[in-house]
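Student: Supplied in C-alpha cells, the structure appears directly below.
The values are calculated or read from the model by the stated rules, or taken from the named source; none is laboratory data. Predicted, not measured: the structure shown is a model, and the values here were computed from it. Virtual Cβ from ideal backbone geometry, glycine too; neighbours counted across all protein chains shown. Heavy atoms of the whole protein, side chains included, go into the accessibility calculation; ligands, DNA and RNA do not. Shrake-Rupley method; radii C 1.70, N 1.55, O 1.52, S 1.80 Å.
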Amino acid sequence: MTLTISRILHAGYVFECAGTLIACDPVFENPFSRNCHAFPDVRFEHAQVRDLRFDAVFISHFHDDHCSFDSLDLLDRATPIYIYCMFDELFAMVRALGFTHVHPLRIDVPVPIGAFSVTPREAMDADVDSMFHIQAAGLNVLNVVDSWIDPATLPALAHFAPWDMVLWPFQTMREIEVLSPSRAVAAPVHLPQEWFEQLAALKPRYVVPSSCQFVQEPWSWYNHAFFPVTYRQFGEEMGAALPDARIVRMNPSVSFVLGQHALSAAPPLSWVVPVGEQDVDYQYQGHAQAPRTADIARHFPPLTAAQHERVMRYCEAGLLDKYRDMELPEESFFATPRVWRLSVFDHEGQGRHFHYRIEGDHIAPLAGVPDALSWTTEVPLARLYAALELGEALTSMYLRMNDAVFDAQTEADLLDAELVDDPLIRCLFNDVFGAYQAAQLRRIQERG
C-alpha cells in the first residue's frame, strides 16, 4: 500500500490510503481567518468540496485558521469530527452547526479510521495545540501543524525514527514584534538551533516546510514584516544540516504518493485551483518603516452609525467594565500608576483619543490631555469593531503600541514589559474563547 498526501493550504492536508480519506485542519476559504490570503494564491471549487466524503476530519486546535465554521459548513454533517480542545463550548458549537459525530481527542490515544491510525501528540502549549502522528501503509508521518515540539516530548517521537515524512512549521512569525515595530529587535539571521536538533533526532526521509502559507491584504506592510524565513533559506539551511533528508515544497493542491522507498508526484486536488505563479517566496524587509496607523485605517471602509456608536460605547464604558472585572497579572507594567492613551482612527485617518489612569485593577477615564503618558495603543476603528463583533484576531487588527518616547523611568520600566499586557488586548482577548467561530455560527444560522 501507499499513502497519498495532498496540501490544502496553511496547515490543511488530505490523506488517502486504501480507500480511506481523512483531512487535517481543512480550510476551504481564501482569504481565511478574515484577512489571511493564500500564498501562493488559490481559489476553491466549493461545489466539489460539498461532494467530498471524508471518513474523518481532525482539527488540531481551535484557532480560526484551523477550525473555521465557514469551511466545515461545506461538509456532510455525518462526517466524524475529531477535535483537540480543552473547551466544551467548541464541541457544542460544532454540534449546533449540525454535525452528529463530534469527538474529543486525547494525547497519545490513537484513533483508528479505516486504513489509518491518527494519534494526537503533545505540543509545546498542550493547553491549546496538538500535533498529529499519522500511520498508514506501514508509514509514519508527523504533522507538527503550527505548534512546536516540547523538548520533553522529543524522546517519545524519536522512538519512531526514522520518520517517513515530517510536516514542519518553517516560519518564525513576528506577530508580537509588529505590534511595536519601533521597539522590536531584528529577526535572527539563521533558523533556530532547536529546529536542527529536533529534526536530527526525528531522522526524517522527507521534510515539508509547512504552515504559514498566507499573506495579509495586498497593501499590508505585514507582508514584508511578518515572515522572516523564506522557502529558499529553509531549504538551504535544513538541507545542509540533514543530508539524508529531502526537503519537499508542497504548494496548495499539490499531491504526492509516499511509499516505503520513494516519493512520487500524484494528480493535484481538483477542488483547490492554483491562481498565478505558485513558486513564490516571502520578501522580508525587517528594516522597512511601518506606516502610520492613521494611514492604515484609510484602507478600511467606513462603519455605519450604529457600528461607530458600538465602538465609542466600548471605549467610554465597556472597556472600563471589562478591565475592572479582570485580575491583573503579577509583575504587570500597570501594577504602578500609569497613564494610557487609546487612539482609534476612522476611514479618513482621523483619530479619536481616549485617556485613562490605570493602577493595578483600577481604571478611570481622564478628561483633557494629560501632561505625560506611560503607554499608547493605536487601532483602526474598523478593526476594533471587527474584534468586538466579528471575532477578529489580534494578528490582523493592526494594533500599534508605544510608538512614542516616554520619560526616562517609563522607558526603563518598558524594557521588562510584555506587549500582551496592553489593556486593550487584555480586555478584548483575555478569558474569551471561540469568538470567531461564534460569529461564524451566528451568520450561518441567520442565513438558514
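Student: Looking at the range 360-384, which of the residues that are within 19 Å of residue 420 (Cα to Cα) and out of contact with any strand residue (DSSP E or B) (no Cβ under 7 Å at 6 or more places or on another chain) is surrounded by the most Cβ atoms within 10 Å (Cβ to Cβ)?
Tutor: 383
Student: Among the residues that make up the range 166-173, is at least one of them more than 23 Å from residue 31 (Cα to Cα) and either open to solvent by 40 Å² or more (accessible area, probe 1.4 Å) or out of contact with any His (no Cβ under 7 Å at 6 or more places or on another chain) (or both)?
Tutor: Checked the range 166-173: at least one residue is more than 23 Å from residue 31 (Cα to Cα) and either open to solvent by 40 Å² or more (accessible area, probe 1.4 Å) or out of contact with any His (no Cβ under 7 Å at 6 or more places or on another chain) (or both).
Student: Further question: Among the residues of the range 32-48, which ones are without any contact (Cβ under 8 Å) to a residue 40 or more places away in the chain and assigned to a loop (DSSP other than H, G, I, E, B)?
Tutor: Listed by number, the list is empty, since nothing qualifies.
Student: Can you tell me which residue is farthest from residue 158 (Cα to Cα) among those in the range 198-224 that are aliphatic (A, V, I, L, M) and open to solvent by less than 10 Å² (accessible area, probe 1.4 Å)?
Tutor: Here the answer is 208.
Student: Which of the residues that make up the range 185-196 are of a type outside the set (S, T, N, Q) and open to solvent by 40 Å² or more (accessible area, probe 1.4 Å)?
Tutor: 185, 186, 188, 189, 190, 194
Student: When residues of the range 44-70 are filtered for being over 10 Å from residue 271 (Cβ atoms) and charged (D, E, K, R), how many remain?
Tutor: 5
Student: Identify the residue in the range 300-322 that is crowded, with 16+ Cβ neighbours inside 10 Å and part of a loop (DSSP other than H, G, I, E, B) and, among all such residues, is farthest from the chain's Cα centre (by Cα).
Tutor: 303
Student: Can we say residue 129 is acidic (Asp, Glu), open to solvent by less than 60 Å² (accessible area, probe 1.4 Å) and either farther than 29 Å from residue 22 by Cα or over 20 Å from the mean Cα position of the chain (by Cα) (or both)?
Tutor: Answer is no for this residue.
Student: Right, here's the next one. Select from the range 228-255 the residues that are open to solvent by less than 10 Å² (accessible area, probe 1.4 Å) and not aliphatic (A, V, I, L, M) and list them in ascending order.
Tutor: The answer is 234, 252, 253, 255.
Student: Another question, then. Exactly one of (1) surrounded by fewer than 19 Cβ atoms within 10 Å (Cβ to Cβ); (2) in a helix (DSSP H, G or I) is unmet by residue 53. Its number?
Tutor: With (1) surrounded by fewer than 19 Cβ atoms within 10 Å (Cβ to Cβ); (2) in a helix (DSSP H, G or I) applied to residue 53, the lone miss is (2).
Student: If you check 95, 121, 106, which single one turns out to be open to solvent by 30 Å² or more (accessible area, probe 1.4 Å), under 28 Å from residue 47 (Cβ atoms) and either at pLDDT below 95 or among the basic types (Lys, Arg) (or both)?
Tutor: Every option except 95 fails the conditions.
Student: Taking into account only those residues within the range 343-359 that are of a type in the set (Asp, Glu) and farther than 14 Å from residue 384 by Cβ, which is surrounded by the most Cβ atoms within 10 Å (Cβ to Cβ)?
Tutor: By that ranking, first place goes to 359.
Student: Step by step: first the residues of the range 209-237, then only those that are of a type in the set (A, V, I, L, M) and in contact (Cβ under 8 Å) with a residue 60 or more places away in the chain, then the one that is farthest from residue 8 (Cα to Cα). Which residue is that?
Tutor: Among those residues, the one meeting the criterion is 225.
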